[in-house]
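Trainee: Handing you this structure, nothing more for now.
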Amino acid sequence: LVHHLFPRILLYKKELIYIHNHVYYCLHRNLLYIYPQSLNFANRQGSARNITVKVQFMYGEDPSNAMPVIFGKSSCSEFSKEAYTAVVYHNRSPDFHEEIKVKLPATLTDHHHLLFTFYHVSCQQKQNTPLETPVGYTWIPMLQNGRLKTGQFCLPVSLEKPPQAYSVLSPEVPLPGMKWVDNHKGVFNVEVVAVSSIHTQDPYLDKFFALVNALDEHMFPVRIGDMRIMENNLENELKSSISALNSSQLEPVVRFLHLLLDKLILLVVRPPVIAGQIVNLGQASFEAMASIINRLHKNLEGNHDQHGRNSLLSSYIYYVFRLPNTYPNSPSPGPGGLGGSVHYATMARSAVRPASLNLNRSRSLSNSNPDISGTPTSPDDEVRSIIGSKAMDRSCNRMSSHTETSSFLQTLTGRLPTKKLFHEELALQWVVCSGSVRESALQQAWFFFELMVKSMVHHLYFNDKLDAPRKSRFPERFMDDIAALVSTIASDIVSRFQKDTEMVERLNTSLAFFLNDLLSVMDRGFVFSLIKTCYKQVSSKLYSLPNPSVLVSLRLDFLRIVCSHEHYVTLNLPCSLLTPPASPSPSVSSATSQSSGFSTNVQDQKIANMFELSVPFRQQHYLAGLVLTELAVILDPDAEGLFGLHKKVINMVHNLLSSHDSDPRYSDPQTKARVAMLYLPLIGIIMETVPQLYDFTETHNQRGRPICIAPDDYESESGSMISQTVAMAIAGTSVPQLTRPGSFLLTSSSGRQHTTFSAESSRSLLICLLWVLKNADETVLQKWFTDLSVLQLNRLLDLLYLCVSCFEYKGKKVFERMNSLTFKKSKDMRAKLEEAILGSIGARQEMVRRSRGQLERSPSGSAFGSQENLRWRKDMTHWRQNTEKLDKSRAEIEHEALIDGNLATEANLIILDTLEIVVQTVSVTESKESILGGVLKVLLHSMACNQSAVYLQHCFATQRALVSKFPELLFEEETEQCADLCLRLLRHCSSSIGTIRSHASASLYLLMRQNFEIGNNFARVKMQVTMSLSSLVGTSQNFNEEFLRRSLKTILTYAEEDLELRETTFPDQVQDLVFNLHMILSDTVKMKEHQEDPEMLIDLMYRIAKGYQTSPDLRLTWLQNMAGKHSERSNHAEAAQCLVHSAALVAEYLSMLEDRKYLPVGCVTFQNISSNVLEESAVSDDVVSPDEEGICSGKYFTESGLVGLLEQAAASFSMAGMYEAVNEVYKVLIPIHEANRDAKKLSTIHGKLQEAFSKIVHQDGKRMFGTYFRVGFYGTKFGDLDEQEFVYKEPAITKLAEISHRLEGFYGERFGEDVVEVIKDSNPVDKCKLGPNKAYIQITYVEPYFDTYEMKDRITYFDKNYNLRRFMYCTPFTLDGRAHGDLHEQFKRKTILTTSHAFPYIKTRVNVTHKEEIILTPIEVAIEDMQKKTQELAFATHQDPADPKMLQMVLQGSVGTTVNQGPLEVAQVFLSEIPSDPKLFRHHNKLRLCFKDFTKRCEDALRKNKSLIGPDQKEYQRELERNYHRLKEALQPLINRKIPQLYKAVLPVTCHRDSFSRMSLRKMDL
């Protein structure tokens, strides 16, 4: 059991010691551990082999003086008087492994010692002899010069019992007449370790505590070690002991830290009286504190809390530090020995001041300067103040003892010792210190600042000054010291921020927290002047810096912390007599500030001053002015170098507003309106940043947000809202600069490039804007809107437009997707993200968030800023939500989605309210048209986004009011908006929510009615509604026609029951419109059926578009829909064709409307791009006139609309790789831009043309456009498609198997896999042989087909693959029905198909309109084969650069031995005999010439190959040549055999000169 437990006990003990190395003693602990290690009795005479050691703790020399203080082992008594070591058998030099634990008495004397007795243990007991025989003695005195004796000892062992009075001497001292083992050498090794909260075990600490205790007890002389210190020498010794504290070991300093600091503070506050003189130890104590604190901080890095503060020091300030008693207590008599260490061991002991009996000096040192003497206050005043003060220890009433002690001292000395206030002395010492002491203090500024603040608060509390006016709470000289201190620290920050970045960051945040605390206890005006001092220092430095961002970042941190004060709003004096309710956690006497805060009346200020960072605004609302100025400066696009701080400054404002919003003191709407007034200039600042904000609208709209003003206008606007502010911030003063300096820290760029904010920063900024708009007083806003220019109002509307997009509800799916993405991120990434957001690693970011939410700032135990605390905690910020927990539960995602939905509704309702105010404001002004257009834009945009039913009801009400108040706005000016409104209303008419449908129907009906009332016709709305529906059904996926039909019925009912218009044509017109819409819906149903069949879907859209041939607007809508569908499926060529058709349609009507030379005449202009375009010509009888109301009124029927369509078409052609078509499109565009002298556009176009032609050059031989297949459908299952044949255009390199698999799979799914069958061959299909209940698909690969005359124009790859109408495929057959047979019976059928339109067209499949067949006889097939082979040889021979492998492959196929049968067999079959049928003569001759050409090409190829091969292929070359000669010899007679009949007319034949005839024929060939 012992063996089992021993290691554990040892481990526990080691842990205990380890813990105490790092932890201040909070409990009484006074233990001694003894470790006997080894003994060497090798040289001892006599029998001493089985040795044990007995250990005793003695208080005297008598054997009975052993104390029962040794802890017993398990199953023994708790304490015993002795402990033994285990015996090692027959070993004269044993090693020991015991641990003996002793409970030390609290008081030790010189007679306390450890006694070790060595015994020899007999294994066999003899008669009359004891088992143990003592064989030696040694001891260790416990005290040496008053200090506990511990450590490693090697002791001599005495053979005899020690003599009398041995305990005060060490065994090393050679006592006369004693016998020692081994001539008094050290033979016993033992270690003694103390774990004690009483004995410091450090000479420097011992000396300091002993001297302080001697002063406490007034006991002189003091004995320290071998020294005796007299009172006249005490001052020097005390000073040297204070400065020597830095040499003490770290471990004891940590253990006795709180006590050490208490004593040092006591020496500062109550300078001791030595030899009748007051000794000022403030400077020495401050230096010692600074160095100790700095040392602790450096050496105990693992012991810092999350704010970078050493936990020992912070716990000292929080729990231990109290202002030392302001009265001297009667000294407590303490035992001698170690300087009364019992006293200073207790933590909560009240500090005691010594009383000198020799006070003969009449002057004392001044409180604020140790070098100047001053007259002390009279004893009567001092006694009175002591009696009147509140004692710190309130456990009992000590009034009588105060009086007695005071009078006792008075009688003795005639005066009392000087009393100093710690915070005053601390401030003074800090200001006057220099060198390394000052550096140490700066390194740990937080400690001294917090100490000072706690001292100030205690001083006010214990002196009943909490109710005193703030200005009289502290003396002038203390305030001067504070001002000097703050100023020097600010200059340190400014001068050292580049060298000691981390230290300066800590210092900056410490200073900010200090000023934050001072706002609670000092005069606020004085603290504001300190803040201004800091600002001035920073601003003066900013001028000279090339990169100001680091310093501005420090200033932001500073400001953020100062503004986190709980009475921030009150400190800003919101302009009203209104008094907010009391703070939920009042600071030290905030009562006085409540009434002073809300002093000015709204009416007294000019409205403009409230919305600009004017001088009155900044004077009235000091802190808010600083915050908004920082925002304005950093967000100013000219302020280069500050881009990295956008997020930081925006978050600061955002967090402030969040805290106001959640503060119960400001929950009343009127109070909130006053708070919002502090931030009214924010609206102007954000309006300035519109060009820089992240464009949230991009997802809705390719062109981004519809900015009402061009970015250039932003620059040109005079009277920028923040020009003064920026200047003011640069100067860093509250006096505005009338002229803005030419550059802010660096030269401004001429044409400024806006750096865009991140999405997160923009969102935070917009939330701030909405909060101010929501809470600000409506009448104030209205007055301000009246003063704004049209340009500024439009800018505000742009902002609102952006807000709509920014806060649009995204839905649960987005959160789920974000969640899954977040889950994938590793923890490393998370750590990096946190670090990036919080800044560089180190104590800085911790310091920023220090002491928020902790209780260390208020004696009552409640935190000063408990409301605002949350906003400084990193776990409350947005990014934390995504990284804290990697995977969110379903409930959390739902909750997030719910919050997002609520935010979207709230944001949109605020926007709607603001729009209402704008409308009310501008409805009486002259410039209302341009503003109302902007209002309508925002309103329509909000309708287009995902909105809640609650919002939409209000939105529709506003929209109806707007239309009824200003109908001409919609029907005459903002015609495009009218189309947009119709689309939005129709979309909501198909909503699944009944209330939204009813509101949308009512709005749509009233729109028609209003349009009708203007001109007895609502053609415009009719047209727009029809177009909108077409557009809606063409593009919307989740469109529900059933709900829309219900809405249309509602509109019809409205019309029928509208009594006012019953007698007019209005009801009939509505009926016509509704009928027309129903027809479109029916087509839509069909389209829905074929949603999965892209070809059929496009066919239907094509059919609908064709139906609108007479209605250009609608046809254009459907062409646009088709272009969209093609783009979705990456059919860029087809999308481009749709856009070209659209442009041609627009050009056709535009030429009727506007006669301009540079515009295209009509479709004809576009026929170079595509021959299909002519179908857009408006030449038929039923063409409508573009002048009619509602016709060609869309945005595309303008010059800019046409340009837009053509640019889109060029982009699509470019994506399709058809660069030649891009050139053709630009040929139409360039004259328009030339006429408009638009050099910028022309430059862009020519750049794109250069790019297009470069690509043509670079991609030569690598371009691929499409693959074509003939697809025939057979079977009644196909409905309309039965017996229809199409040519399908598929992406390049589509194999027959791929399209076959796709179509078979698609129709198999539709009709059933067993029903669909693919016909494998290309022969004509016989309907009679097909099964009646099956669906057959025949798919054949086809190639573009050109007649010989066409080939001269179709030279390039593009020419051969563009504008294709004819395709060909071949089918081999024999007369007996087989597909393949011998050469002499192999026929071939060529089928040529003609399509209705040329490819590429606006569809990917086009009907086959004509089919012709050509039958080739076997000899013609042979001719074609040989021609093909000859062409291959010619190509391989003349290829540049030459390709030897390709050449050898073709040669091998032509002359190789294995294939000799190929060409030779053809010749033998068809050329061996002259055909009997004269019709075949020409074919025979043609084939003969083909072979002649073939042998010539083989020879050329061999020659070329010979020049290319290396020496290793010479044999191969010879083999090829041998084969060639064999082939040539075999072919020679066949090639030379001519048909005489063919040559009769050309040349008379001479019978006797055969050779001549051959020669002449040869000449003919040439």
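Trainee: If I ask for residues that are farther than 17 Å from Leu1029 by Cβ and among the basic types (Lys, Arg), which ones from the range 956-988 would you list?
Mentor: Selection gives Arg960, Lys965.
Trainee: Which of the residues that make up the range 663-688 are surrounded by fewer than 22 Cβ atoms within 10 Å (Cβ to Cβ) and over 30 Å from the mean Cα position of the chain (by Cα)?
Mentor: Pro664, Arg665, Ser667, Asp668, Pro669, Gln670, Lys672, Ala673
Trainee: I'd like to check which strands (runs of 3 or more DSSP E) are fully inside the range 56-135 and have at least 3 residues that are in contact with a helix residue (DSSP H, G or I) (Cβ under 7 Å, 6 or more places away or on another chain) and at pLDDT below 90.
Mentor: On the way: elements: 82-84, 100-103, 113-121.
Fully inside the range 56-135 and qualifying: nothing.
Trainee: Among all residue pairs at least 6 apart or on different chains, which show Cβ distances below 7 Å where the first residue, located in the range 464-479, is assigned to a helix (DSSP H, G or I) and the second is surrounded by 11 or more Cβ atoms within 10 Å (Cβ to Cβ) and among the β-branched types (Val, Ile, Thr)?
Mentor: Close Cβ pairs (under 7 Å, with a partner that is surrounded by 11 or more Cβ atoms within 10 Å (Cβ to Cβ) and among the β-branched types (Val, Ile, Thr)) amount to Arg470/Thr592.
Trainee: Taking interchain pairs and intrachain pairs at least six residues apart, which have beta carbon atoms under 8 angstrom, with the first residue in the range 522-537 and farther than 14 Å from His567 by Cα and of a type in the set (Ser, Thr, Tyr) and the second assigned to a helix (DSSP H, G or I) and open to solvent by less than 30 Å² (accessible area, probe 1.4 Å)?
Mentor: Pairs found: Thr533/Val486; Thr533/Ala490; Tyr535/Arg555; Tyr535/Leu626.
Trainee: Does Arg1366 count as among the charged types (D, E, K, R), crowded, with 17+ Cβ neighbours inside 10 Å, out of contact with any Ser or Thr (no Cβ under 7 Å at 6 or more places or on another chain) and modelled with pLDDT of 90 or more?
Mentor: No, not satisfied.
Trainee: Determine whether Gln1208 is under 41 Å from the mean Cα position of the chain (by Cα), surrounded by fewer than 19 Cβ atoms within 10 Å (Cβ to Cβ) and not basic (Lys, Arg).
Mentor: no
Trainee: Still on this structure, please answer the following. Checking the conditions here, which among Glu1285, Glu1313, Glu1298, Glu1304 is out of contact with any helix residue (DSSP H, G or I) (no Cβ under 9 Å at 6 or more places or on another chain) and more than 30 Å from Asn1363 (Cβ to Cβ)?
Mentor: Glu1304
Trainee: Within the range 26-55, can you find the residues that are open to solvent by 30 Å² or more (accessible area, probe 1.4 Å) and not in a strand (DSSP E or B)?
Mentor: Cys26, Leu27, His28, Arg29, Asn40, Ala42, Asn43, Arg44, Gln45, Gly46, Ser47, Arg49
Trainee: Quick check: anything in the range 95-104 in contact with a His (Cβ under 9 Å, 6 or more places away or on another chain), more than 30 Å from Gly146 (Cβ to Cβ) and of a type in the set (D, E, K, R)?
Mentor: no
To keep it simple, each residue is scored yes or no on (1) without any contact (Cβ under 8 Å) to a residue 12 or more places away in the chain; (2) open to solvent by 30 Å² or more (accessible area, probe 1.4 Å); (3) over 60 Å from the mean Cα position of the chain (by Cα).
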position	(1), (2), (3)
Ser167	no, no, yes
Ser170	no, no, yes
Lys185	no, yes, yes
Phe188	no, no, yes
Ser196	no, no, no
His199	no, no, no
Asp202	no, no, no
Phe208	no, no, no
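Trainee: Scan the range 118-141 residue by residue and report those that are among the aliphatic types (A, V, I, L, M) and under 17 Å from Pro63 (Cα atoms).
Mentor: Val135, Ile140
Trainee: Looking at the range 1209-1319, what helices (runs of 4 or more DSSP H) fall wholly within it and have at least 1 residues that are closer than 25 Å to Val1164 by Cα?
Mentor: Where helices (runs of 4 or more DSSP H) fall fully within the range 1209-1319 and carry at least 1 residues being closer than 25 Å to Val1164 by Cα, they are 1219-1235, 1239-1258.
Trainee: Look through Arg1046, Arg1103 and report the one residue that is farther than 26 Å from His1126 by Cα and among the basic types (Lys, Arg).
Mentor: Of the residues listed, the single one that is farther than 26 Å from His1126 by Cα and among the basic types (Lys, Arg) is Arg1046.
Trainee: In the range 1401-1441, which residues are open to solvent by less than 40 Å² (accessible area, probe 1.4 Å) and in a loop (DSSP other than H, G, I, E, B)? Give the derivation first.
Mentor: Just the residues of the range 1401-1441 that are open to solvent by less than 40 Å² (accessible area, probe 1.4 Å), to begin with: 1401-1406, 1408, 1416, 1418-1419, 1421-1423, 1426, 1430, 1433-1434, 1436-1437.
Passing the criteria: Tyr1401, Ile1402, Lys1403, Thr1404.
Trainee: Next up: Condition (residue is among the basic types (Lys, Arg) and within 58 Å of the chain's Cα centre (by Cα)) applied to the range 1321-1333: is it met by at least one residue?
Mentor: There is no residue in the range 1321-1333 that is among the basic types (Lys, Arg) and within 58 Å of the chain's Cα centre (by Cα).
Trainee: Continuing with the same structure: Is it fair to say Leu1077 is modelled with pLDDT of 80 or more and within 30 Å of Glu1128 (Cα to Cα)? Steps first, please.
Mentor: Values: modelled with pLDDT of 80 or more: yes; within 30 Å of Glu1128 (Cα to Cα): yes.
So Leu1077 fits the description; yes.
Trainee: Would you check if Leu1006 is over 23 Å from Leu1114 (Cβ atoms) and modelled with pLDDT of 85 or more?
Mentor: Yes: the conditions hold for Leu1006.
Trainee: If you check Gly1015, Gly994, which single one turns out to be touching a residue at least 60 places away in the same chain (Cβ under 8 Å) and surrounded by fewer than 18 Cβ atoms within 10 Å (Cβ to Cβ)?
Mentor: Criteria check complete, one pass: Gly1015.
Trainee: Further, regarding this structure: Of everything in the range 944-985, what is farther than 25 Å from Ala907 by Cβ, touching a residue at least 60 places away in the same chain (Cβ under 8 Å) and in contact with a helix residue (DSSP H, G or I) (Cβ under 7 Å, 6 or more places away or on another chain)? Give them in sequence order.
Mentor: Ala979
Trainee: Please pick out the residue among His621, His660 that is on the phi < 0 side of the Ramachandran plot and under 29 Å from the mean Cα position of the chain (by Cα). Working first, answer last.
Mentor: Values: His621 fails: under 29 Å from the mean Cα position of the chain (by Cα).
Selected residue: His660, the only one of His621, His660 that is on the phi < 0 side of the Ramachandran plot and under 29 Å from the mean Cα position of the chain (by Cα).
Trainee: Another question about this same structure. Cβ contacts < 7 Å: first residue over 14 Å from Leu169 (Cα atoms), restricted to the range 131-151; second residue of a type in the set (Asp, Glu), any location; separation 6+ or different chain. Result?
Mentor: Here the result reads Arg147/Asp206, each pair linking the range 131-151 to a residue that is of a type in the set (Asp, Glu).
The values are calculated or read from the model by the stated rules, or taken from the named source; none is laboratory data. Worth saying up front: this structure is predicted, and the values here are computed from it rather than measured. We place every Cβ from the backbone using ideal geometry, glycine too, and count neighbours over all the protein chains shown. Just so you know, the surface numbers come from the protein's heavy atoms only, side chains and all, with ligands and any DNA or RNA stripped out. Shrake-Rupley method; radii C 1.70, N 1.55, O 1.52, S 1.80 Å.
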